Each structure stands twice: as structure tokens, then as C-alpha cells.
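> Structure provided below as C-alpha cells; questions to follow.
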Amino acid sequence: MKLEEIKLQTSPFLERYLNGDEDAASFFDYKEPFNNRDFLTRQQELKYYTFPRDELTEYLSSYNQKIGTSDKTLNNIQKLKSSDGLAVVGGQQAGLLTGPLLVIYKCISTIQLAKQAEKELGVPVAPVFWIAGEDHDMDEINHVMVPKNDTAKKISLKAASSVKSSASLWQWNPDDVKPWLQDVFRSFGETAFTNDFLAQTESYLYESDSIVTFFAKLLSHWFSDEGLILLDSGDPEFKKLQSEYLEKMIRNNLDIDQAFRLQTKNLNDKGFNDPIEVQENNAHLFYTKNGERILLFRNEYGFTSKEKDFTISEDELLKEAALYSEKFSNNVVTRPLMQEFLLPVLSFIAGPGEISYWASLGKVFRHFDRKMPVVMPRLSITLVPQRIKGLLDSKKLNAEQVIMEGTEKYKRDWFDENRPVETNDSIETVKSDIAKSYSQLVKLAEEIDPKLLPVAELNLNRILSEIDYMEQKMEQRVRKKVKVPLAEYDEIMLELKPGGVLQERVWNVYQFMNEEGSYLIKDLLEFPFCFNEKHKIVFL
């Protein structure tokens with residue numbers, strides 16, 4: 001494997017944050033994520049807080065053993081039991097077949113940063129991956145994108161129910177999912193690795209009762225040997241740890257919303273867009289009733305649904321939180337806060353969108369006399385298989401050009417330099433000339449003997465068919481000379497920047513392992529990536 005790094009234009013906010021812009025950095029408590037001093041300061045700060053370490057480690061041990069784990073992961077869980085134990089946390093919704101590549105990169109980022117921090121700080125640091133199992137937006141997670149006919153095709157799995165329940169509660173029958181899984185692997189194309197991968201994945205499928213369990217088992221398979229700890233935020237057992245903090249969020253609900261809205265206004269005042277939709281009286285908590293997840297809003301009676309077909313008083317909601325914490329879940333504003341209450345978070349691994357919305361949370365944390373952790377941009381990677389590297393070399397292109405500019409310009413330039421000779425007009429002219437000249441021969445044949453006319457016509461057709469044959473041969477040469485190279489530009493673009501979007505947001509890791517082999521994730525884990533503002537290009 002070979003590595004190149006490039007400075008990539010990202011979202012305007014992230015770019016300014018990474019470049020040390022004072023306006024962007026002012027929204028974070030730790031303003032230099034790549035500076036080790038911020039980690040030391042955060043370590044000292046966390047000494048003043050208490051966490052439910054015993055209950056947390058008991059839950060994490062139970063959950064990770066249930067999904068299948070390693071001794072290294074169980075040892076890392078025990079690090080969190082220690083009074084000086086810290087966590088590096090990343091997270092994502094549970095996607096099918098682990099979701100897009102960026103999920104894999106979040107896992108790798110979480111593991112690598114935890115190792116680095118432990119070495120530098122001299123205290124136990126555990127990598128934790130927070131699966132957002134309480135999320136109910138199935139359209140975001142119920143599919144895998146595959147290359148098909150020069151485009152990215154979505155292969156979706158139909159939900160068993162239309163009720164907006166948490167993904168953790170979306171139970172399925174593996175027999176219903178198996179045809180979908182086989183369809184996805186067929187779309188990847190058959191290689192020497194396909195059958196083994198499919199058999200292995202099917203075995204995990206039949207051990208899984210939901211999309212979240214399937215997701216967790218696959219991540220555990222690939223990362224438990226590195227000690228990655230998984231938790232499912234939608235797991236009722238995990239929610240039992242949250243009652244005390246849910247009560248805080250309910251009692252302080254107006255303050256949380258006002259702090260969020262004020263910080264969002266501050267972002268606007270400095271020229272940044274709203275990273276999260278601002279809704280009047282949003283309680284930033286979900287409540288589950290009859291299996292459906294309802295976003296709560298404050299009103300004069302306490303809390304209500306958006307449609308106002310459900311109402312509950314604050315006192316009743318507090319009782320529910322104390323007795324039935326499994327009915328509650330957080331939204332994008334309160335989830336980081338719940339994470340802060342439960343885990344000694346040294347650093348949070350974030351993608352571009354997450355960094356933008358964390359910028360709106362500073363005053364929410366401050367209301368509870370907390371600071372945000374060090375918000376670290378995740379590793380951003382583009383994989384370049386050998387097949388694509390060969391095509392790039394043949395076009396005298398490099399991966400950076402494709403990622404930054406696409407291939408359309410280079411494709412046009414090549415066509416202008418290699419524009420083929422037009423054959424259609426010439427062929428038709430030749431056919432016309434032959435037919436005209438041949439007509440004289442037909443007249444002569446008719447004068448000699450009218451019975452020669454069918455022979456003359458047959459002979460003309462034979463001559464024209466030979467010209468058609470020549471035309472086909474010329475067209476094949478044109479196609480080989482022009483159409484195939486042009487299609488290769490499209491193939492490069494589809495692989496590296498499908499639809500003009502970074503590869504990591506579209507393609508699935510199994511697509512690449514199907515081509516490269518199972519060692520791919522292991523090699524990426526062992527690669528000494530540097531946490532900086534640069535995008536990584538990895539040549540396989």
C-alpha cells in the first residue's frame with residue numbers, strides 16, 4: 001500500500017475550523033484538535049466529573065460478549081472502570097453490510113487515536129463506537145450502493161413495518177434478508193473471494209435479529225481484535241443507565257433549547273448556516289409510544305407531539321423517565337450530552353457534518369458546567385485499486401486530479417486530440433457510386449439476356465455486403481480507439497468519485513474486499529495514518 005495526502009476542499013465551516021480560523025474555532029472548547037496539549041488539558045478536566053463506570057462496564061461487557069468479541073475488547077472495557085480511564089468515541093447509524101466506507105474509517109480513526117492518546121498521556125484510553133440504534137430513519141440505512149451500468153445503483157431492503165421505531169427494534173427474518181444479500185454480492189461481481197465472503201456474511205445474518213445486531217456483529221468481526229468496544233444506544237439495557245440524565249434533560253429542557261438556539265444565532269452572526277434545523281419549542285427528546293418514536297415539543301401543558309395527537313405533562317414524563325427509560329431516546333442535540341454524562345470522553349471522532357453541528361452545542365454543554373471534548377476530524381480516505389491505478393497511468397492522470405476536478409475535462413481534451421475520422425458519409429458515398437456504376441452493368445446484362453438480372457442483383461448485394469463488412473471492421477477500430485478509452489475515464493470517475501461525491505460516502509467496504517481480499521481492513525488498521533487536515537489517497 002502507498003499513501004498520498006492532499007488538501008481537499010470540504011464544507012466551508014470545516015475548512016475554516018481546520019485552518020485555525022478564529023471565528024470557527026471560537027465555537028469549540030478545544031480549538032486545536034491536532035495539538036497534544038488539548039488532550040492533556042481535557043484529561044485533567046475529566047478528573048472533576050463522575051461517571052457510572054461500574055454499571056457502564058458491566059453493560060459493555062455483556063453487550064459485546066453477546067455480539068461476539070475478543071479478549072482485547074473485554075480488556076479495553078475494563079480500562080473504563082479505572083478512575084483515570086478515558087474514551088475516544090466515534091459513532092454512526094447502523095448501516096447494512098457496515099454502511100458506506102466512512103463507517104470503516106470512523107472505526108479505524110477511533111482505534112488509532114485511542115492508541116496514540118494512551119501512549120502520549122500514560123493513562124488507559126479505550127476506543128468506543130456508539131451505534132445510533134435509536135435512529136428511525138430507515139431510508140438512510142436500508143440499502144447498499146453498487147456500481148451498475150456506469151452509475152451507482154441503490155439496492156434497498158424493504159422494511160418489515162412502516163412504523164417509525166428505533167432501528168434496534170426493527171426485527172427481521174433472516175430468510176427474508178438473504179435474497180437481498182445475495183443480490184448485493186452478485187452486483188459486486190464474482191471473484192476468488194466472493195463465495196467465502198458471502199458464506200461468512202450469511203452466517204452473521206442468521207445470528208442477527210435486527211439490522212443493528214447485524215451491523216454490530218460485522219464490526220465486531222473486523223475490529224474486535226483491535227479492541228474496539230461497541231454499544232447500541234437503542235438497547236433497552238443501555239437505556240437503563242440513562243434515567244438520571246434523562247430527568248436532567250427534562251427539567252432543563254427549556255434551557256437546553258435556548259442554549260442551542262442562542263449558539264445557532266451566534267453561528268449565523270459569524271456568517272455560518274444552521275447546521276441543525278431549528279424548530280420552535282423542540283424538546284430534543286424522543287418518546288416511544290405503541291412502538292412509534294415521537295419527537296417531543298414543549299407546550300403549555302408540558303410536552304406534545306408535532307401533530308399534537310399526543311400530550312404528556314412534565315411530571316408524567318419525569319415518572320416515565322425514572323421507570324421506563326427504554327421509552328426515551330435523544331436527538332442530535334441531546335445525544336452528545338448523554339454521551340458526555342455516561343462516558344469519560346477524551347475526544348469525539350467526527351465527520352464534516354458532525355463537526356458543523358457540534359459547533360452549535362457549546363452553550364448546551366456549558367449549561368451543565370461541562371466542556372465539549374476534543375472534536376477530532378475522522379480520517380478521510382479514497383481507495384485506489386490496482387486496476388484503477390493502471391487506468392490512471394494510461395491516461396497520464398493522477399488520483400488527486402480526479403478527486404479535485406473529476407474526469408470530464410480530461411475526457412473532452414482527449415477526444416479533441418483523438419477525434420476519429422467520420423466513416424458514415426464516406427461509406428454511403430461509396431455505396432452510391434457503386435450502385436450508379438453497377439447500373440450500367442445491369443443494363444448490359446439485360447441486353448445480353450434478361451435472365452441475368454437476378455444474378456446481377458445478387459452480385460450487387462454481395463458487393464454491398466462486403467462494404468458493410470468493411471464498415472463493421474472500421475467501426476470496431478473506431479470503437480477500440482475512441483469509445484473504450486472514453487469509457488475508461490467514466491470507470492475511473494465512478495470508482496473514485498461516484499456522482500461527484502467522495503468515494504467514502506457511497507461505496508461499501510465489501511465491494512473492495514471482494515476485489516482485494518479480506519486483508520484490506522487489517523492493512524488499513526496497521527497503516528500509520530496521521531491525524532491532520534489532509535485527505536488520504538491509499539493505493540492498494
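The values are calculated or read from the model by the stated rules, or taken from the named source; none is laboratory data. All of these numbers come straight from a predicted model, not from anything done at the bench. Neighbour counts run over all protein chains shown; Cβ positions are idealised from the backbone, glycine included. These accessible areas exclude ligands, DNA and RNA; they are computed on the full protein's heavy atoms, side chains included. Shrake-Rupley method; radii C 1.70, N 1.55, O 1.52, S 1.80 Å.
> Out of the helices (runs of 4 or more DSSP H) lying entirely within segment 430-527, which hold 3 or more residues that are farther than 20 Å from SER187 by Cα?
Numbers: elements: 453-478, 484-496, 509-516, 519-526.
Answer list for segment 430-527: 453-478, 484-496, 519-526.
> If you don't mind, there's one more thing I want to ask. Out of segment 27-68, which residues are open to solvent by 60 Å² or more (accessible area, probe 1.4 Å) and free of Cβ contacts under 8 Å to residues at least 40 places away in the same chain? If you could, list the steps in order and put the result at the bottom.
Keep residues of segment 27-68 that are open to solvent by 60 Å² or more (accessible area, probe 1.4 Å), which gives 31-32, 34, 36-37, 40-41, 44, 47-48, 50, 54-55, 58, 62, 65-66.
Correct list: LYS31, GLU32, ARG37, THR41, GLN44, LYS47, TYR48, THR50, ASP54, GLU58, GLN65, LYS66.
> Within segment 92-101, which residues are outside any loop (DSSP other than H, G, I, E, B) and open to solvent by 10 Å² or more (accessible area, probe 1.4 Å)? Step through it out loud before you land on a result.
To start, the set of residues in segment 92-101 that are outside any loop (DSSP other than H, G, I, E, B) comprises 92, 96-98, 100-101.
Within segment 92-101, GLN92, PRO100 meet the criteria.
> So, one more: Can you find even one residue in segment 384-393 that is more than 16 Å from GLU4 (Cβ to Cβ), in contact (Cβ under 8 Å) with a residue 12 or more places away in the chain and open to solvent by less than 70 Å² (accessible area, probe 1.4 Å)?
Looking for residues that are more than 16 Å from GLU4 (Cβ to Cβ), in contact (Cβ under 8 Å) with a residue 12 or more places away in the chain and open to solvent by less than 70 Å² (accessible area, probe 1.4 Å), one finds at least one in segment 384-393, hence yes.
> Sticking with this one: Only one residue in ILE355, ILE349, ILE381 is open to solvent by less than 10 Å² (accessible area, probe 1.4 Å), within 26 Å of the chain's Cα centre (by Cα), hydrophobic (A, V, I, L, M, F, W, C) and modelled with pLDDT under 95, so which one is that? Walk me through how you get there before you give the answer.
Values: ILE349 fails: modelled with pLDDT under 95; ILE381 fails: modelled with pLDDT under 95.
The match here is ILE355.
> Against the condition among the hydroxyl-bearing types (Ser, Thr, Tyr) and part of a helix (DSSP H, G or I), how does THR73 come out, does it pass?
Numbers: among the hydroxyl-bearing types (Ser, Thr, Tyr): yes; part of a helix (DSSP H, G or I): yes.
It is true that THR73 is among the hydroxyl-bearing types (Ser, Thr, Tyr) and part of a helix (DSSP H, G or I).
> I'd like the residue in segment 220-236 that is over 15 Å from GLN65 (Cβ atoms) and open to solvent by less than 50 Å² (accessible area, probe 1.4 Å) and, out of all such residues, is modelled with the lowest pLDDT.
So the residue we want is GLY234.
> Could you tell me whether any residue of segment 108-128 is closer than 20 Å to TYR63 by Cβ, modelled with pLDDT under 95, surrounded by 21 or more Cβ atoms within 10 Å (Cβ to Cβ) and over 15 Å from the mean Cα position of the chain (by Cα)?
no
> Are any residues in segment 293-308 among the aliphatic types (A, V, I, L, M) and open to solvent by 20 Å² or more (accessible area, probe 1.4 Å), and if so, which ones?
First, the residues of segment 293-308 that are among the aliphatic types (A, V, I, L, M): 294-296.
Within segment 293-308, ILE294, LEU295 qualify.
> Within segment 218-253, how many residues turn out to be under 26 Å from ASN508 (Cα atoms), part of a helix (DSSP H, G or I) and not aliphatic (A, V, I, L, M)?
Taking segment 218-253 as the starting set, the residues that turn out to be under 26 Å from ASN508 (Cα atoms) are 218-235.
Filter again for part of a helix (DSSP H, G or I), leaving 218-226.
Then keep just the ones that are not aliphatic (A, V, I, L, M); that gives 220-226.
Residues flagged as under 26 Å from ASN508 (Cα atoms), part of a helix (DSSP H, G or I) and not aliphatic (A, V, I, L, M) within segment 218-253 amount to 7.
> Show the residue pairs that are 6+ apart or on different chains and have beta-carbon atoms under 9 Å apart, the first residue being within segment 493-515 and free of Cβ contacts under 8 Å to residues at least 12 places away in the same chain, the second being in a helix (DSSP H, G or I) and open to solvent by 10 Å² or more (accessible area, probe 1.4 Å).
Short answer, once both residue conditions are applied: none.
> If you take the residues of segment 309-329 that are touching a strand residue (DSSP E or B) at 6+ places or on another chain (Cβ under 9 Å) and open to solvent by less than 10 Å² (accessible area, probe 1.4 Å), which of them is farthest from GLU134 (Cα to Cα)?
If we take residues in segment 309-329 being touching a strand residue (DSSP E or B) at 6+ places or on another chain (Cβ under 9 Å) and open to solvent by less than 10 Å² (accessible area, probe 1.4 Å), then LEU317 is farthest from GLU134 (Cα to Cα).
> Here is a follow-up. Looking only at segment 106-123, decide whether some residue is farther than 23 Å from GLY291 by Cβ, touching a helix residue (DSSP H, G or I) at 6+ places or on another chain (Cβ under 8 Å) and not in a helix (DSSP H, G or I).
Yes: one or more hits.
> Restricting to segment 428-486, and then to whatever is more than 60 Å from the chain's Cα centre (by Cα) and of a type in the set (Gly, Ala, Ser), can you tell me which residue is nearest to ASP393 (Cα to Cα)? Break it down stepwise before answering.
Step one: list which residues in segment 428-486 are more than 60 Å from the chain's Cα centre (by Cα), which gives 433-460.
Subset that is of a type in the set (Gly, Ala, Ser): 435, 437, 439, 445, 456.
On the way: ALA435: 48, SER437: 51, SER439: 54, ALA445: 60, ALA456: 54 Å.
Among them, the one singled out is ALA435.
> Please go through (1) out of contact with any Lys or Arg (no Cβ under 9 Å at 6 or more places or on another chain); (2) crowded, with 16+ Cβ neighbours inside 10 Å for LEU8 and return the number of the only condition it doesn't satisfy.
Tallying (1) out of contact with any Lys or Arg (no Cβ under 9 Å at 6 or more places or on another chain); (2) crowded, with 16+ Cβ neighbours inside 10 Å, LEU8 fails exactly one: (1).
> At negative phi, within 29 Å of the chain's Cα centre (by Cα), at pLDDT below 95 and open to solvent by 40 Å² or more (accessible area, probe 1.4 Å), is that true of PHE13? I'd like the intermediate steps shown before the answer.
Values: at negative phi: yes; within 29 Å of the chain's Cα centre (by Cα): yes; at pLDDT below 95: yes; open to solvent by 40 Å² or more (accessible area, probe 1.4 Å): no.
No; evaluated as a whole, the condition is false for this residue.
> Kindly establish whether LYS270 is among the basic types (Lys, Arg) and open to solvent by 30 Å² or more (accessible area, probe 1.4 Å). Steps first, please.
On the way: among the basic types (Lys, Arg): yes; open to solvent by 30 Å² or more (accessible area, probe 1.4 Å): yes.
Spelling it out, LYS270 is indeed among the basic types (Lys, Arg) and open to solvent by 30 Å² or more (accessible area, probe 1.4 Å).
> Quick one: would you say LYS371 is modelled with pLDDT of 95 or more, within 20 Å of ASN35 (Cβ to Cβ) and open to solvent by 20 Å² or more (accessible area, probe 1.4 Å)? Step through it out loud before you land on a result.
Values: modelled with pLDDT of 95 or more: yes; within 20 Å of ASN35 (Cβ to Cβ): yes; open to solvent by 20 Å² or more (accessible area, probe 1.4 Å): yes.
Here the answer is yes, as LYS371 does meet what is asked.
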